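**Q** Take a look at the following structure, please.
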Ligand code: 4AD
Ligand code: MG
């Protein structure tokens, strides 16, 4: 047999196969070497018995260092005790490169050390499991929207203006102008929704977050759907359907990875729509009842979100926040103009806000008024106002933060492990 991948071993029981990979670990007991080989799809134990291979190969196996690259041949045997259910009886070993002394060993390392070696840390079993789940989450999000007739439209990353307030902008020179890295693709999706009806963008977004938390990255990925003629209620239904779908897909396809991460599956199995909804007013009452010193009109901190989310067994919507704590483009509730038709979706288990969404202002006069109140310059938003001049319609959308979603589904204590190369307040390397 030519090269096969470890995840395909079940199809090759009894056959001799070739695996191309790296040494994950090795131990020996005189006449037998046990080599754990990983190939990116899984890990398998290769067993090499002295009398079954040449003396040179047996000696080579003894010298193998952690992460050396090797090509092995072996016969696939089913073994209930083996992780993955299979083992290889090795018949041949070829060295591709003998690795230098590997910095990451099975002993415990400090987090800064691991972050400095992120390019190597990605090879570990836990990080590998997270990468695969992240990849599945991205694919399931895209499938969800593609299957529902959404058009994927790419938003620009270099932009002339802010979307989510001016305090977190990354600024850069753009010839004779200033440009900002996009905080969100939303404003452009509003334009695209008027062209295609149902659209989404899915890409990196940037925020110069000046505080150090376990929920914030400087560069994170966001999926942002926008739907023409959808109102606030339609918007929340789309959100719960999306989140329910993504969680069930990961449960269905990535149990082994969730096991590696020791994720409590029972906390994910309940994530089925409809999700509970509370208003901002009710959230304030619940917080006050829990002893938090907070008054109507204040925004929630991470701790507040955790207290609220702990009261439910699945994600909870908090809707209709006061105008003054939310972005300029949100539509006021016609029945209560001091609040806006928006929602935050809070994940359980202390993972905080994973979605922010709203119905948008569709009236030109009101939009102009809000832009003035927020000191936003007319010139750079002229195109955005045009959308209210030429066939304005009610419309809504939201942004789901990919990394917060990965952190929650994987049950990770910190957002830094959810993205291959995190950009944090004190880290731009590697
Ligand atoms: O609530 P936010 O700021 O909403 C928007 O940007 C809207 N324009 C989206 C829209 O309606 N199209 O951000 C949306 C989500 C948050 O709920 C959170 O999950 C994530 O983006 N997020 C971050 N994730 C990691 N690091 C950060 N610094 C984040 N800031 C926001
Ligand atoms: Mg938000």
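The values are calculated or read from the model by the stated rules, or taken from the named source; none is laboratory data. This structure is a prediction, so every number in the text was calculated from the model and none was measured. Counting neighbours? That spans all protein chains shown, and the Cβs are built from the backbone with ideal geometry, glycine included.
**Q** Here is a list of conditions, (1) touching a helix residue (DSSP H, G or I) at 6+ places or on another chain (Cβ under 8 Å); (2) within 15 Å of ligand 2 (Cβ to nearest atom), and residue 393 meets all of them except one; can you say which number that is?
**A** The one condition residue 393 does not meet is (2).
**Q** Still on this model: Would you be able to say whether some residue in the stretch 338-353 is away from ligand 2 (no atom under 16 Å from the Cβ) and surrounded by 22 or more Cβ atoms within 10 Å (Cβ to Cβ)? Quick ask: steps written out before the conclusion?
**A** Filtering the stretch 338-353 down to residues away from ligand 2 (no atom under 16 Å from the Cβ) leaves 338, 348-350.
Checking which are surrounded by 22 or more Cβ atoms within 10 Å (Cβ to Cβ) leaves us with none.
Taking every residue of the stretch 338-353 in turn, none turns out to be away from ligand 2 (no atom under 16 Å from the Cβ) and surrounded by 22 or more Cβ atoms within 10 Å (Cβ to Cβ).
**Q** Looking at 250, 243 in this structure, which one is under 15 Å from residue 135 (Cα atoms), surrounded by 20 or more Cβ atoms within 10 Å (Cβ to Cβ), within 19 Å of the chain's Cα centre (by Cα) and modelled with pLDDT of 95 or more?
**A** 250
**Q** Ok, one more. Kindly check whether there is at least one residue in the stretch 331-346 that is more than 26 Å from residue 396 (Cβ to Cβ) and either away from ligand 1 (no atom under 16 Å from the Cβ) or modelled with pLDDT under 95 (or both).
**A** Keep residues of the stretch 331-346 that are more than 26 Å from residue 396 (Cβ to Cβ), which gives none.
Looking through the stretch 331-346, none of the residues is more than 26 Å from residue 396 (Cβ to Cβ) and either away from ligand 1 (no atom under 16 Å from the Cβ) or modelled with pLDDT under 95 (or both).
**Q** Report the residue count in the stretch 253-273 for those that are free of Cβ contacts under 8 Å to residues at least 12 places away in the same chain and over 20 Å from residue 85 (Cβ atoms).
**A** Total meeting the criteria: 1.
**Q** Out of curiosity, is residue 405 in contact with a helix residue (DSSP H, G or I) (Cβ under 9 Å, 6 or more places away or on another chain), within 16 Å of ligand 2 (Cβ to nearest atom), closer than 24 Å to residue 152 by Cβ and touching a residue at least 12 places away in the same chain (Cβ under 8 Å)?
**A** yes
**Q** What number of residues within the stretch 357-374 are more than 16 Å from ligand 2 (Cβ to nearest atom), closer than 24 Å to residue 205 by Cβ and not in a loop (DSSP other than H, G, I, E, B)?
**A** Number satisfying all stated conditions: 3.
**Q** Determine which single condition residue 89 fails, assuming it passes every other condition in (1) within 20 Å of residue 3 (Cβ to Cβ); (2) surrounded by fewer than 16 Cβ atoms within 10 Å (Cβ to Cβ); (3) in contact with a helix residue (DSSP H, G or I) (Cβ under 6 Å, 6 or more places away or on another chain).
**A** (3)
**Q** Here is a check on your reading of the model: is residue 234 surrounded by fewer than 19 Cβ atoms within 10 Å (Cβ to Cβ), away from ligand 1 (no atom under 16 Å from the Cβ) and assigned by TED's automatic domain parsing to the domain that holds residue 341?
**A** No.
**Q** For the stretch 127-141, indicate whether the set of residues that are farther than 24 Å from residue 242 by Cβ and more than 16 Å from ligand 2 (Cβ to nearest atom) is non-empty. So that I can check it myself, show each step before the final result.
**A** Applying the first criterion (farther than 24 Å from residue 242 by Cβ) to the stretch 127-141 yields 127-128.
Now restrict to residues that are more than 16 Å from ligand 2 (Cβ to nearest atom): 127-128.
Yes, the stretch 127-141 has at least one match.
**Q** Among the residues of the stretch 321-330, which ones are within 15 Å of ligand 1 (Cβ to nearest atom), outside any strand (DSSP E or B) and crowded, with 17+ Cβ neighbours inside 10 Å?
**A** Scanning the stretch 321-330 gives 321, 326, 327, 328, 329.
**Q** Out of everything in the stretch 413-430 that is in a loop (DSSP other than H, G, I, E, B) and within 13 Å of ligand 1 (Cβ to nearest atom), what residue ends up being surrounded by the most Cβ atoms within 10 Å (Cβ to Cβ)? Even if it seems obvious, please write down each step before you answer.
**A** Initial filter on the stretch 413-430 (in a loop (DSSP other than H, G, I, E, B)): 413-414, 418-423, 425-426, 428-430.
The next check asks that each one be within 13 Å of ligand 1 (Cβ to nearest atom); those that pass are 414, 418-419, 422-423, 425.
Working: 414: 13, 418: 26, 419: 21, 422: 19, 423: 15, 425: 14.
Filtering the stretch 413-430 for residues that are in a loop (DSSP other than H, G, I, E, B) and within 13 Å of ligand 1 (Cβ to nearest atom), the one surrounded by the most Cβ atoms within 10 Å (Cβ to Cβ) comes out as 418.
**Q** Would you check which residues across the stretch 201-221 are touching a helix residue (DSSP H, G or I) at 6+ places or on another chain (Cβ under 8 Å) and more than 9 Å from ligand 1 (Cβ to nearest atom) and list them?
**A** 202, 214
**Q** Keeping to the stretch 375-412, report how many residues are within 30 Å of residue 347 (Cα to Cα) and not in a strand (DSSP E or B).
**A** 12
**Q** Filter the stretch 121-160 for residues that are over 20 Å from the mean Cα position of the chain (by Cα) and either without any contact (Cβ under 8 Å) to a residue 24 or more places away in the chain or surrounded by fewer than 18 Cβ atoms within 10 Å (Cβ to Cβ) (or both) and give the result.
**A** Hits for the stretch 121-160 are 147, 148, 149, 151, 156, 158, 159, 160.
**Q** Go through (1) in a strand (DSSP E or B); (2) over 27 Å from residue 190 (Cα atoms) one by one and return the number of the condition residue 354 breaks.
**A** Status for residue 354: all satisfied but (2).
**Q** For the stretch 98-132, enumerate the residues that are farther than 17 Å from residue 421 by Cβ and touching a helix residue (DSSP H, G or I) at 6+ places or on another chain (Cβ under 6 Å).
**A** Residues satisfying the conditions are 125, 129.
Yes or no, residue by residue, for (1) closer than 17 Å to residue 327 by Cβ; (2) buried (at least 22 other Cβ atoms within 10 Å of the Cβ); (3) within 16 Å of the chain's Cα centre (by Cα):
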| site | (1), (2), (3) |
| --- | --- |
| 181 | no, no, no |
| 186 | yes, yes, no |
| 198 | no, no, no |
| 205 | yes, yes, yes |
| 210 | no, no, no |
| 213 | no, no, no |
| 222 | yes, yes, yes |
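**Q** With the condition being under 26 Å from residue 161 (Cα atoms), I'd like the helices (runs of 4 or more DSSP H) fully within the stretch 179-296 carrying at least 3 qualifying residues.
**A** Passing ranges, in order: 186-196.
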